[in-house]
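Worksheet for the structure shown next.
Any read-out appearing in this document is the output of simple, stated calculations on the displayed coordinates, not a laboratory observation. Remember, it's a predicted structure, so these values are computed and weren't measured experimentally. All Cβ positions, glycine included, derive from the backbone under ideal geometry; neighbour counts span all protein chains shown.
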């Protein structure tokens with residue numbers, strides 16, 4: 001999926017007087033609402049970094065803001081994929097940076113919002129994605145099948161000892177050797193760095209864990225009441241079952257089992273709540289590992305003012 005396919009202009013040089021703001025954190029923490037508040041105060045536009053909100057028709061189960069609730073604020077990189085399609089993180093990186101450059105070129109503030117950690121990093125950080133070659137990959141895989149892992153691992157230890165010490169499964173060893181053969185660089189040199197590509201403020205939302213659990217349970221039940229099962233049923237003819245990514249989305253995989261007669265709606269709701277809590281825990285672990293994130297309490301009465309103060313400071317003291 002290219003930027004043009006998603007209806008975005010090609011990436012171009014743009015003035016960087018305005019920083020990029022990213023609102024991150026676990027699902028259910030209020031990221032979308034805070035992004036709207038900041039967009040209104042600072043003349044901003046939102047860039048979606050929730051990988052499940054890329055999909056057309058996946059609205060209820062992804063808690064996607066309906067157009068009427070977006071307060072007239074443009075939202076980029078939503079609804080550009082069919083449920084049968086996929087995109088890569090590298091493709092998303094290109095589209096997100098094109099969207100950011102376009103927003104900045106019009107004097108607006110780009111606000112990246114979402115909880116898909118790798119997509120956030122791809123948009124914001126120095127992160128390269130080496131290419132691939134089907135013939136090289138097939139040859140290396142044939143070597144793996146014929147001779148086992150040891151010869152390939154030994155070859156990797158010579159050309160890329162850092163990667164050889166980190167990885168031990170055949171698929172990843174093949175990938176590391178493929179990258180070295182194609183680029184002349186060790187695979188380890190492509191590992192991400194915590195270095196922003198341009199001035200960036202990351203605002204993270206966190207708070208009481210038990211409160212989050214209650215929020216997530218209430219949200220899942222609200223999704224069910226709003227017609228999640230019907231949404232899943234409507235997406236099946238559009239290729240939901242065939243989509244490698246969309247069919248695995250929280251809530252969708254659980255209610256596909258209900259439609260197949262393998263579960264009940266009540267059980268699917270409870271399974272979704274459990275899976276969503278586990279996902280939120282993984283999101284928090286991911287974002288808390290990044291020392292650049294500035295954390296705010298999602299339930300604090302002064303949340304919006306505190307976030308706005310951070311943005312104003314990042315802009316060099318300009319107020320809302």
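So here's what we get for this one:
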{"read-out": "Among 138, 306, 122: highest mean-square fluctuation, GNM of the chain, C-alpha pairs under 10 Å", "value": "138"}
{"read-out": "Neighbour-count ranking [beta-carbon atoms within 10 angstrom, fewest first] of 225, 290", "value": "225, 290"}
{"read-out": "Percentage relative contact order, the chain, counting C-alpha pairs under 8 Å, at least six apart", "value": "26"}
{"read-out": "For the chain: rounded, prolate or oblate by the Cα gyration tensor [a/c cutoff 1.5]", "value": "oblate"}
{"read-out": "Relative contact order [Cα under 8 Å, 6+ residues apart], the range 141-278, whole percent", "value": "15"}
{"read-out": "Expected 222 nm ellipticity per residue - DSSP helices of 4 or more, -39500 (n - 2.57), all of the chain, to 500", "value": "-15000 deg cm²/dmol"}
{"read-out": "Difference of contour (0.36 nm per residue) and Cα-Cα distance, residue 218 to residue 189", "value": "6.0 nm"}
{"read-out": "Normalised contact order of the range 246-320, rounded percent, pairs of Cα under 8 Å and 6 or more residues apart", "value": "16"}
{"read-out": "Full-stretch length increase - residue 225, residue 139 - with 0.36 nm per residue and alpha-carbon distance subtracted", "value": "25.8 nm"}
{"read-out": "Prolate/oblate/rounded label for the range 134-190 (Cα gyration tensor, a/c 1.5)", "value": "oblate"}
{"read-out": "105, 188, 116, 210 arranged by Cβ crowding within 10 Å, fewest neighbours leading", "value": "210, 105, 188, 116"}
{"read-out": "Order of 95, 52 under a 10 Å beta carbon neighbour criterion, fewest first", "value": "52, 95"}
{"read-out": "Share antiparallel - DSSP beta bridges, the chain, percent rounded to 5", "value": "5"}
{"read-out": "Rounded if a/c under 1.5, otherwise prolate or oblate - the range 66-181, Cα gyration tensor axes", "value": "prolate"}
